[in-house]
Structures are given as C-alpha cells and as structure tokens.
1. Roll a 1.4 Å probe over the protein chains and send me the accessible area per residue for the chain in Å².
2. Which Cα, out of Leu293, Thr193, Met210, lies furthest along the positive dipole direction of the chain (beta carbon charges, K/R +1, D/E -1)?
3. Longest span of the chain, sites excluded, free of trypsin sites (Lys or Arg not before Pro) in DSSP loop with at most 10 other C-beta atoms within 10 Å?
4. Mind putting together the pair-distance distribution for the range 1-127? All Cα pairs, 10 Å bins, whole percent per bin, short to long.
5. Just the number, please: carbon plus sulfur as a percent of the accessible area of the range 93-155, 1.4 Å probe, no ligands or DNA/RNA counted.
6. Rounded to the nearest Å, what's the spacing between the alpha carbon centres of the range 19-46 and the range 238-272? Just the number, please.
7. Expressed in nm², what is the orientationally averaged projection area of the convex hull enclosing the Cα positions of the chain?
8. Only four residue types carry charge here, +1 at the Cβ of Lys and Arg and -1 at the Cβ of Asp and Glu. Report the dipole size of the chain about the Cα centre in Debye, rounded to the nearest 20.
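The values are calculated or read from the model by the stated rules, or taken from the named source; none is laboratory data. Because the structure is a prediction, the values reported are computed rather than measured. Note that we place each Cβ from the backbone using ideal geometry, even for glycine, and neighbour counts take in every protein chain shown. Side chains are part of the model used for accessible areas, which takes the heavy atoms of the whole protein and leaves out ligands, DNA and RNA. Shrake-Rupley method; radii C 1.70, N 1.55, O 1.52, S 1.80 Å.
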Amino acid sequence: MLNAALMFAISLVAAVGTLVDDRQLLGESVWFKPMKFALAFGVYGVTLAWLLSRLDKGRRLGWWTGSVIAVAGVIDVCAVAYAAAHGTYSHFNENTDAVARNVGTAFSIGVMPLLAATLVIAALVLFQSDEDRALRIALGAGLALAAAGMAVAAWLNTLASEPRTVADAAGNPVVLSGGHGIGDPDGHGMPLTGWSMTGGDLRVPHLVGMHAIHVLLLIVALVHLSGTRLGRPLGHRVRTRLVGGFALWYAELFAVLTWQARRGQSVAHPDRHTLIAFAAVTLLALAVTSLGLATARRPKRPRAAC
C-alpha cells in the first residue's frame, strides 16, 4: 500500500506536469508516460495488497514477494519519471550520457524481479484453501496473464530494429534502437493510449495481460451479482464454469493480440486472418463454457455406500 500511495502521488505530479510543462517527445508530453506507468502500478499494487491479505498459506513468502514487487515497481516508475524530468527517452535509448546509463541500470534491476515475483504469487494462489474456486481461477489466471504481459514488454527489447536518431525535448540527438511499433518503430499513436496506427504494437497485449486480474475479478463480481439479482444465487460449479470460460477467452484474446502485433499489424486495422482468429477463439470459449455449464447443472450422483 505504501508503493500504491507513492505511485498515485507520482501520477498526480506527472499529470500536473502535462499541464505546466510544454516539452514533448514524439508528439506527446514528456510527463504522459510516467503518469500512465505510475497509475497502472498504483492500481496493480492495491490489487496485490488485497490479494496478499487473503493468503492463508505461505503468508510470509507472499509478504516478501509482494515487497519485491513494491520495490521493483518504484525503481521502474522512478526511472521513467527521471528520464521525463530530463526531457529524454526512458526506453530504447542507446545514448551513453549519464541519464541514459542511469535509466538503463534501473531497468536492469527492476524489470526481471517484477516478472519472477508475480509468477511466485500466482503459484501461491493455486495452493490456497479458499473454497471459492471461481475466485481462485480469476486470481490465478489474472496473475499468470500479468506475468505474460510483463514478458511481452520485455520482448520489445529483443526485437531487431535499425538504430535511428531522433530529437529529445531539448532538440538534442538521441539514438533509439527498437521501439513500441513493429513495422513502424515510433508509429503514429492513437489518442490517450499511444498505440501505433501504422504497425503492430506489443503494448496492446501488454496492457491486456497486466490488467487481466482486474477484469477477471470484475467478472467474478458480476456473476455473483447476477445470481443475486435473479433471486437464486448461482451454484458453486456454475460460477466456476462461467469464470473459467471467460478466463479461457481472455487468455486466447491475449494470444491473438500478441500474434497480431508480431505480424506488424495495428490493432485498429485487423485483417481477415485476425478477425477469423478472434471469431475462432470466441467460439471455442463459448463451446467449452457451454459444455462446462451443461455438466455443472447435472445433479451429482450419490456415492455408493461401502
């Protein structure tokens, strides 16, 4: 929660920066990226704090792992804010000045612990004794997809791209190697998200994966609420099948979005193959969910007495 409070404070300061500081990088305020990073980490931190408070097994390991995420998150977001304050690029920056070296060092320290710690917490969730299997599925799948989203972001640094020279906010040359866009490294971004309109963009599956846990927890709440509103709460097995089916579809959606981005295709301009893939994964998830609901509604056969 200390991490989340700091992240929200950084996000607020960065938001003010977008209003009072007219410096820009690639057409947007230098403070826009740290604002988005801090806000996303703050929401993620609050969710993890709630989740760790629910553990009944491995609480000490969960506490230490959560602390690793908190510290690593601060390092990463502060590195982005530090680069913004100096009016330069935090990612893909190949310059050898002190700012670029400091940011690169911070990322080398902070990125991998986030991925490893998230996987550890996901494993812990699977071994809890919580009777609500629907909630366990949502938490486990959400954390696994969050780790996959982090891996996708790390993948960006491995993509081959010709180094190019661009100007920072002060007009100084900066050599960038790689970029968010695939096919068009800098892209021509959408409003607010900045996702490329002219090429693939791995930030799309990154965001979908990172916030999977929030979407899946919302689905758990909606499933519970719908049963309550109907006057007859849904059975345990039915809720589990519904949440599991949605988690399957969400994971498939993440895979298709990653495939689309790797092909250099903008999420705003899907081609026929991408649309077919979206339809296929939706039909598959619906079929699996329908089959699961059909079996869930069958009354259990009493066990034969010995």
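1. With the other protein chains kept in place, the chain gives 53 Å² per residue.
2. Selected residue: Leu293.
3. Counting at most 10 other Cβ atoms within 10 Å as exposed, the longest clean stretch of the chain is 1-299.
4. 13, 39, 30, 14, 4, 0
5. Percent of accessible area from carbon and sulfur atoms in the range 93-155: 67.
6. Cα centroid to Cα centroid, the span is 27 Å.
7. 19.3
8. Dipole about the Cα centre, nearest 20: 2100 debye.
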